[in-house]
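Beneath this line is the structure, given in structure tokens, with notes to follow.
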Amino acid sequence: MIFFQIAAKDLRSELRTKESLNASLSFAVVILLLFSFAFDPSGEAVAEFSGGLLWLVFAFAGALILNRSFARELPNDCLEVLIASPVSGAQLFLGKSVASFVLLLCIELICLPIFGIFYNITWTPKFWPLLGVFLLGTWGMTILGTLFSALTVNLSLRELMLPMLLYPMMIPALMSAMRLTTILLSGNDIGGDDLVWLRLLIGFDVVFTTLALALVETILVR
Amino acid sequence: MEKNIRIGIGAVAGLLLLRNLYVILFNLPDEMEQGPIYRIFYYHLPAYFTAMCCYMTALVTSVLYLTKRNLRYDAIAMSATEVGLAFAAVNLITGMIWGRVIWGIWWAWDARLTWALICWLVYFGYLMLRQAIDDPTERAKNSAVLSIFSFVSVAITYKAIEWWRTQHPGPVLSFRTGQQLIDPEMERMVYTNFLALLLLAFVMVTVRLNQENLQRQIDGLRRRAHAL
Amino acid sequence: MDSRNIQFMFWGLAVAWGLLAIYVVMLAARENRLQKQLDSLKRMLEEKQ
């Protein structure tokens, strides 16, 4: 359970400074506000693209958090020490993913009520299935994002490269999470034809978690 | 010697392409429902297959790089990806032109089209990542990992017409459907043009590979020049 | 069939050939540039030695 300690370490250092948490939370709120100018926020149609809107906000906020995931270890050569320590690459990676996952989930759960107030959406009756979608979607985003964060950590353009690589690759998860969220926020249950999206989301999580755990050692060790 | 073989294969590919163009334009009849526009299909589909082959080569050589740590595999992966992007662009744009006539819109946002575009963007990101890393082994290692991840989107593109209900025509070739849906002569043409494009792609990959060697020579000489 | 059908067919074929031609031109241009760089570097090294 070393990955748990890595995650705890990351969360502790994040909660002490709150630098990426504050930044990405305020960024998310700003984007939520900005979207209201793009269309009529009080219209009937809002529910139909609510999932897309919400997940775009999460994706933007997520990129900020994920950028910091490995970059946080750069000062004082902490990353070198972590890699040299007896912790395996997979454990280190899993710990970092879990930490980003928790942070991003917190932001999502703060954004959801704000979103409900701004756009007049009732989300409370479907909270539990919605939470399930959030868990699955966020896990997919963080597992892939943390891997790409490790991939780009040594680049000078890392803040640019991470979203550029991450967003297209993340589309399957993002797309299904958007659809499922829209269905739930419109007050419907997931079933019938929509199950394909749930399957896609779960498949994405399983495939990329396996791939990432298998390949992360090669990325970290040079 | 190697250069002559390359020129030879290139010439064969070029002649085959010209001959195919002649047959496509003058010998094969119009399609019953679509009219002349269906001829785009002889480039659209083979270009897609060629791009798939390139991506597949990139996947295999990336895995080989990670196991064998030979930079030559990395160079092949990069060359194949770049050539694959060129053919995927042919596939996308011919498809758009076809869609403009048959569907009345350039871009239908249907699952197959969207996935083909995502594939293109993902592999373009691969080339961008390569440009951003200077150290050759670091670059080879990271881009090999990215290439393996990217291939997931290729697999999804292949399966997209089965997973989602799409406007994109379903499989027509007999190896995919198990029955003869199109005229055998037309199907043969698809394969012949695929062969021509594949040969062309092969030549392009070897040329690009050769350029990568040149680049390495240049880098080596530069280092020597600095040392002097 | 309207005239647009056959017109777009030609556009489509032209794009297919054109894109590949553009890529070939790009390859040739890069080949030239690399060859020039290599030659000038070799000359420079010979002069220095």
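The values are calculated or read from the model by the stated rules, or taken from the named source; none is laboratory data. Quick caveat, the model's predicted, so the values are computed rather than measured. Cβ coordinates were reconstructed from backbone atoms using ideal geometry, including for glycine residues, and neighbour counts include every protein chain displayed.
Assessment of region B:84-99 against the conditions (closer than 20 Å to residue B:157 by Cα, more than 10 Å from chain C (Cβ to nearest Cβ), within 16 Å of the chain's Cα centre (by Cα) and polar (S, T, N, Q)) yields no matching residue.
Cβ-Cβ contacts under 9 Å between residues 6 or more apart (or on different chains), taken from a first residue in region B:1-18 that is within 16 Å of residue C:28 (Cα to Cα) to a second residue that is of a type outside the set (A, V, I, L, M, F, W, C) and crowded, with 16+ Cβ neighbours inside 10 Å, are listed as B:3/B:210; B:6/B:206; B:6/B:210. Could we say that residue B:144 is in contact with a Phe, Trp or Tyr (Cβ under 9 Å, 6 or more places away or on another chain), facing chain A (nearest Cβ under 9 Å) and farther than 21 Å from residue A:173 by Cβ here? Spelling it out, residue B:144 is indeed in contact with a Phe, Trp or Tyr (Cβ under 9 Å, 6 or more places away or on another chain), facing chain A (nearest Cβ under 9 Å) and farther than 21 Å from residue A:173 by Cβ.
Only residues that are over 26 Å from residue B:88 (Cα atoms), surrounded by 16 or more Cβ atoms within 10 Å (Cβ to Cβ) and among the polar types (S, T, N, Q) were counted in chain C, giving 1. Cβ-Cβ contacts under 8 Å between residues 6 or more apart (or on different chains), taken from a first residue in region B:148-162 that is under 21 Å from residue A:213 (Cβ atoms) to a second residue that is hydroxyl-bearing (Ser, Thr, Tyr) and part of a helix (DSSP H, G or I), are listed as B:148/B:62; B:150/B:55; B:150/B:123; B:150/B:126; B:151/B:55. Please determine, by comparing only the residues of region A:151-165 that are in a helix (DSSP H, G or I) and facing chain B (nearest Cβ under 9 Å), which one is surrounded by the fewest Cβ atoms within 10 Å (Cβ to Cβ). If we take residues in region A:151-165 being in a helix (DSSP H, G or I) and facing chain B (nearest Cβ under 9 Å), then A:160 is surrounded by the fewest Cβ atoms within 10 Å (Cβ to Cβ). For region B:166-174, the criterion of being under 18 Å from the mean Cα position of the chain (by Cα) and either part of a helix (DSSP H, G or I) or of a type in the set (Phe, Trp, Tyr) (or both) is met by none of the residues.
Among the residues of region B:27-50, those identified as of a type outside the set (Ser, Thr, Tyr), at the interface with another protein chain (Cβ under 9 Å from one of its Cβ atoms) and touching a Leu at 6+ places or on another chain (Cβ under 8 Å) are B:39, B:40, B:47.
Of a type outside the set (Gly, Ala, Ser) and under 19 Å from the mean Cα position of the chain (by Cα) - does that describe any residue in region B:131-141?
no
For region B:207-228, a residue qualifies if it is within 19 Å of residue B:139 (Cα to Cα), facing chain C (nearest Cβ under 7 Å) and aliphatic (A, V, I, L, M), and the qualifying residues are B:214, B:218. Take the conditions crowded, with 23+ Cβ neighbours inside 10 Å and modelled with pLDDT under 90 and apply them to residue B:37. Does it pass? Taking the combined requirement at face value, the residue satisfies it.
Remark: pairs (first residue in region A:192-220, of a type outside the set (Asp, Glu); second residue not in a helix (DSSP H, G or I); Cβ separation under 9 Å; 6+ apart in sequence or on different chains) = A:196/B:164; A:197/A:190; A:198/A:190.
Is it the case, given these coordinates, that residue A:147 is under 25 Å from residue A:70 (Cβ atoms), out of contact with any Pro (no Cβ under 8 Å at 6 or more places or on another chain) and not hydroxyl-bearing (Ser, Thr, Tyr)? Answer is yes for this residue.
Looking at residue A:84, is it surrounded by fewer than 18 Cβ atoms within 10 Å (Cβ to Cβ), small (Gly, Ala, Ser) and touching an Asp or Glu at 6+ places or on another chain (Cβ under 7 Å)? Criteria not met by residue A:84.
Listed residues B:81, B:61; which is within 14 Å of chain C (Cβ to nearest Cβ), more than 20 Å from residue C:4 (Cα to Cα) and either in contact with a helix residue (DSSP H, G or I) (Cβ under 6 Å, 6 or more places away or on another chain) or at pLDDT below 90 (or both)? Answer to the check: B:81. Given the conditions (1) in contact with a Leu (Cβ under 9 Å, 6 or more places away or on another chain); (2) within 21 Å of residue B:159 (Cα to Cα), and given that residue B:24 satisfies all but one, which numbered condition is not satisfied? Single failed check for residue B:24: (2). Could we say that residue B:113 is at pLDDT 90 or above and away from chain C (no Cβ under 12 Å) here? So residue B:113 does not fit the description; no.
Within region A:131-150, the set of residues being within 13 Å of chain B (Cβ to nearest Cβ), aliphatic (A, V, I, L, M) and touching an Asp or Glu at 6+ places or on another chain (Cβ under 9 Å) comprises A:143 only.
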